[in-house]
Amino acid sequence: MSEVNIAKRKEKCENCTKQCNKKQSDDGANSHQESEENTNVMQLLLSACLSCDGCLSDEDTLKISQQGLEEVERVLALNKKCDASKHKVLVASVCLQSLPFFAVKFGVDVTEAAQKLCGFLKHIGVQYVFDTTVAAGFSILESQKEFIQRYRKRHHDPHALPMFTSSCPGWIRYSERVLGSLVTPHICTARSPQQIMGCLVKDYFSKQQKLSPEKLYHVVVAPCFDKKLEAVREEFYNSMLETRDVDCVLTSREIYYLMERRKVSVEELDSVPLDQVLGESGDVALLRHDGRGSEGFLEHMFKHAAKELFGLDVQEITYKTLRNRDFQEVTLERDGETLLQFAAVYGFRNIQTLVHRMRKGRVPYQLVEVLSCPGGCLSGRGQAESEGGGGRLDRALVHQMEEIYSSLPVRLPEFNPALHTLYQDWLQGQDSSVARKLLHTEYRNQSQSHTQPPHMQW
């Protein structure tokens, strides 16, 4: 993020805080018109900054300043100028949900888009380019395992269920800073695909390349701005080696902007196959997980739980739409008895509904897939916002990306041979202490109070 954008974001956050304070101090004295104007401001700001209960701290602003194109270009420039012993090996990991954006922008199919993107990144000095499918597979498998454990101890652990997914950093930040202990014990401890990819690159891949982790500079290309704040969480920083699992997150649009700034046309780019973490050669087909526009945590865990807990094979999942397309539930029944009830809750207005129900003890679900962006990860503001800005989605673009993403073939992570190899060669087994350390984390209550601030209404 550029210095100009940081300043604008800080200004917006400060304005947000002023509006919040004004709204709380007026005690209803404002006219209906003024209240409506303040509400509109809040809706705009909260759709653009999904994760805070006030303004960004100076520390947050500093961290975000290190998560932009300027920092990546600085590292690339140093690689050309400084002593070779000080060079960084640049590694890029591309989220699968970013690739449909490039397919639309390039006017090619998603496989060709991935290869063109790889060609561009290597052209500017990135040595290795991976996709994050393997990391997402780890996150799904670990989440499935944790759900089964939580379900089986639900009668003697009040925090076991419902379990909330942990892949969305906007939701995590909101939970820790605003909701606190109401929610944090219920969040799945499996790391997100981004942070598992960080471990995979800085731990496994660095050892394979016989490099110290700090010699690698790891960039993630993602559809979401909130991933930048996830990358700078303290638990993902190695203080001894002074290196992060993910050094920098760039959004899809930031990469596309870099291409435009360098006046690189799609036609002149080489099509280069993505690299494989295990070092396999040749062009490997892109594969996705189940689910609409995200990693499909709900669908995979629903099918796994049905089989593991009740011996039922579920082939197709039927969603029941409740409030809107972004609040849906799925139910497993047998002989008229409800065995499982899961929900997908996207967007903060729907999250608020979920939170209100939880406060009243009226959440019937055993698992909730929670994402802060309406529409899921494909609709992340780092790629789906309209050219004019203002927090508005480019719905035509989103529709195109959804069609492209759904065209990718599906493979269950259980049948991914790379995962089985890495569990053994890297993690010393699926239930090892190493797997627990590298694939899981903890989420903490960072809120000052456990009540919803009066101005935080979606």
- prompt: If you add up the charges near residue 430, with Lys and Arg at +1 and Asp and Glu at -1, over every other residue whose beta carbon is less than 12 angstrom from its beta carbon, what do you get?
  reply: -1
- line: Which residues qualify? For residue 245, with a placed amide H closer than 5 Å and at least 5 residues away or on another chain, they are 238
- request: Rounded to whole Hz and in sequence order, give me ³J(HN,Hα) for segment 246-258 from the Karplus expression 6.51 cos²θ - 1.76 cosθ + 1.60, θ = phi - 60°, writing x for Gly and Pro.
  value: 10, 6, 7, 10, 10, 6, 4, 5, 5, 5, 5, 5, 4
message: Quick check on packing: order 127-134, 325-332 by the mean number of other C-beta atoms within 10 Å, highest mean leading.
response: 127-134, 325-332
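Beyond a 18 Å Cα-Cα separation, which of these cross-linked pairs lie in this structure: 145/207; 80/215; 80/202; 116/215; 202/437; 86/263? All intermediate terms of the calculation are to be shown ahead of the outcome.
Numbers: 145/207 28 Å; 80/215 15 Å; 80/202 23 Å; 116/215 26 Å; 202/437 14 Å; 86/263 29 Å.
Exceeds cut-off: 145/207; 80/202; 116/215; 86/263.
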- prompt: ³J(HN,Hα) across segment 351-359 via Karplus (A = 6.51, B = -1.76, C = 1.60, θ = phi - 60°), whole Hz, x for Gly/Pro?
  reply: 4, 4, 4, 4, 5, 4, 5, 5, 4
- prompt: Roughly what would the spin-label model give for residue 77 and residue 63, points 7 Å off Cα along C-beta, in nm?
  reply: 2.6
statement: Karplus-derived 3J(HN,Hα) from phi for segment 121-127 (6.51 cos²θ - 1.76 cosθ + 1.60, θ = phi - 60°), whole Hz, x at Gly and Pro, runs 4, 6, 4, 8, x, 7, 8
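Just in segment 384-428: which GluC sites (Glu not before Pro) are loop by DSSP and have at most 12 other Cβ atoms within 10 Å?
Numbers: sites: 385, 387, 402, 403, 414; in loops: 387.
Filter output for segment 384-428: 387.
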message: Restricting everything to alpha-carbon atoms, can you work out Rg to Rh for segment 134-196 with a Kirkwood hydrodynamic radius?
response: 0.99
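Using a ≥ b ≥ c from the Cα gyration tensor of segment 61-150 (square roots of the eigenvalues), is it rounded, prolate or oblate, where a/c under 1.5 gives rounded and otherwise the larger of a/b and b/c decides, a/b for prolate? Write out the running numbers ahead of the final one.
Numbers: a/c = 2.19, a/b = 1.40, b/c = 1.57.
Oblate, because a/c is 1.5 or more while a/b does not exceed b/c.
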- prompt: With contacts defined as alpha carbon pairs under 8 Å and 6 or more residues apart, what's the relative contact order of segment 112-214 in percent?
  reply: 30
- prompt: Any idea what log10 I(q)/I(0) is at q = 0.13, 0.17, 0.19 Å⁻¹ for segment 261-314, Debye with uniform C-alpha scatterers and no solvent?
  reply: -0.64, -0.80, -0.85
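Can you give the relative contact order of segment 265-414 as a percent, counting alpha carbon pairs under 8 Å and 6+ residues apart? List each step's numbers first, then the result.
Numbers: 180 pairs, mean separation 33.5, N = 150.
Normalised by residue count, the contact order of segment 265-414 is 22 percent.
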- request: Once you have a ≥ b ≥ c as the square roots of the Cα gyration tensor eigenvalues for segment 191-288, tell me rounded if a/c is under 1.5, and otherwise prolate or oblate according to whether a/b is larger than b/c.
  value: oblate
field: Debye log10 I(q)/I(0) at q = 0.30, 0.31, 0.33 Å⁻¹ for segment 102-151, Cα point scatterers
entry: -1.03, -1.04, -1.07
- request: Multiply the residue gap between residue 280 and residue 84 by 0.36 nm, knock off their C-alpha separation, and tell me the result in nm, one decimal place.
  value: 67.8 nm
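None of the figures in this text is laboratory data; all of them are computed from the coordinates on show. Computed from a prediction, not measured in an experiment: that's the story for all the values here. Cβ: placed from backbone, ideal geometry, glycine included. Neighbour counts: every protein chain shown.
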